[in-house]
């Protein structure tokens, strides 16, 4: 419970007589300063996690972006890290590359460019980071490895950095190597050389976006490598570092963290690691995977973002507790502030950090999250205890003359529905350089000289609603993005296409464009697939015009009740209706095409448009080609529900048009 101003004065007189004061903690810069604070951020990508955000209409799209990036409003993020798309599955989908092929460059594909521009509009000082998860197949010359030709890989990454500046006026601040994969010393040195050679000396390298070892040992063993790397970035460190990493003198970052369902336990997880990543591990930046849960919730790690925005069709979004957990730090600090050496753990559980701008401003952030209410998805959290406690902060050094601090408070109440998030309380009076506080469990406090914090708010968005049961897209309006609304590519890349040689009804289509298996990060399927709709759909009709560009070997499909996505896409089941350029058709119960329910002759061939229609109702299904039945009233046992999908039988060019869904 917060102790108000008048009671603080009373305590200053009867402090020790009353016995209600507990432990004392000094906040003192005269002992020297700690590490420079580099910021709190979010990661867009690492699996198409912002896919649905771009389809929101105004004003809801701007409101979501304000809650994430606008200073002194919501999360007020100080870092935005994005995936450098590589045409491959990277957790919840694929993100398109700026270079599908060696002689192909396009810096308007996907949505990461747009997102970085929008973040910069709101916070011109935001730090921008790019990191590849996968690479187009040509980078590895057909091998699933990007380091055999390090000059090609480095040129590919540097081209992305140049494209960000040339086409979007974005200065990338940091670049990574290869997400959670092996690093290559020769490649890192070559990347540094190429960055410098092309006038990008200000772009710093993070390595290796995996574990503390072996990158820490590598920088000790190689002076040139040491000089090439600015930041040692690790993923999910559990707030801990290793002594050798500290001895490098490099910046230490948790360059991917959190990855936890964004309910109040997730908010507690985020609060704990934001403080303890520095207290325990001297990490000066923490980046959440992911930025915003803007992908279908039944994909892997549903709702793991700082906030949720996965219903562009309704306009609904949810400002989750991690937004306000973040605000306790970001609204009262800036990158370039400095941690004090007087940070640590409370005697009875929890932690505190203190930061200063070295111009007289001070922010103290405390958290007393209990074990079960702050469990992160990884790594496992060892048991610990937190109890109610009274503490006194003694402000010393240049802070001894502070007379008052603004107070912001969050209290997670897991027994009733009385959780309070980021509430401004009356300022606390500092009497004789000290103030006292009773800390309950599962609380966050910020005590600060910064007086312009704000709990930003907008009118409630529209209510949540399921995906429309009647949906169609003729792909005739390309909009601002390369992908059609609401399609979530799981393997391959489906982009708007203008067929200038076709004067007929299919000038504007959706085209699958990846023709070579990428250098993968996850287990991409051998087929390409893009899902859409409501995972709960049971009875549905889907129809689509299809066009196979590959002669003889080509094949395309439409599907219903697709039950899996993400890194397990290879094992997806559903009802798949395939037609092939060799004149055959097939109905299968799986994406791999092995569980065949029916097959036969269809008379189909390449470079001709066909209309496919698939109906599933109860335990029965039927399939039509150009209105004629190929398969009728077949018995189905599973799966019972899932998304609708389109795709191809391999990495091949194919087009889709006049897509229709009618669900019951």
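General observations
- Per residue, the average separation of C-alpha pairs within less than 8 Å and at least 6 apart gives region 38-335 a relative contact order of 22 percent.
- Secondary structure note: in region 38-335, about 10% of the DSSP beta bridges are antiparallel.
- By definition, a body whose alpha carbon gyration tensor gives a ≥ b ≥ c is oblate when a/c is 1.5 or more and a/b is not larger than b/c, and region 38-335 fits this oblate description.
- Each helix, a run of at least 4 DSSP H residues, gives -39500 (n - 2.57); summed and divided by the residues of the chain, these come to -5000 deg cm²/dmol at 222 nm.
- Against the chain, whose longest principal axis is taken from its Cα atoms, helix 150-168 shows a tilt of about 80°.
- Ascending count of other beta-carbon atoms within 10 Å, so fewest first, for 464, 314, 44: 464, 314, 44
- Between 0 and 90°, nearest 10: helix 112-122 axis offset from the chain longest Cα axis: 30
- DSSP finds beta bridges in the chain, and of those with both partners inside it, around 70 percent are antiparallel.
- Region 553-573-region 117-171 distance, computed between alpha-carbon centres (Å): 29
- Summary value for the chain: 16 percent relative contact order, contacts being C-alpha pairs under 8 angstrom separated by 6+ residues.
- Region 314-360 and region 262-308: distance between their alpha carbon centers, rounded to Å: 14
- Shape of region 462-575, Cα gyration tensor, a/c cut at 1.5: oblate
- Burial ordering of 496, 258, fewest other beta-carbon atoms within 10 Å first: 496, 258
- Three-way shape label, region 470-663, alpha-carbon gyration tensor, a/c 1.5: rounded
- Sequence of 308, 398, 501, 451 once ranked by neighbouring C-beta atoms within 10 Å, starting from the fewest: 501, 451, 398, 308
- Helix 321-330 axis, angle to the chain major axis (alpha carbon atoms, nearest 10°): 50
- Among (1) 48, 37, 26; (2) 44, 36, 21; (3) 50, 28, 20, the entry that matches semi-axes √(5λ) of the Cα gyration tensor in Å as calculated here: (3)
Read the figures in this text as sums done on the coordinates, not as results from a lab. These numbers come from a predicted model, not from an experiment. Cβ: placed from backbone, ideal geometry, glycine included. Neighbour counts: every protein chain shown.
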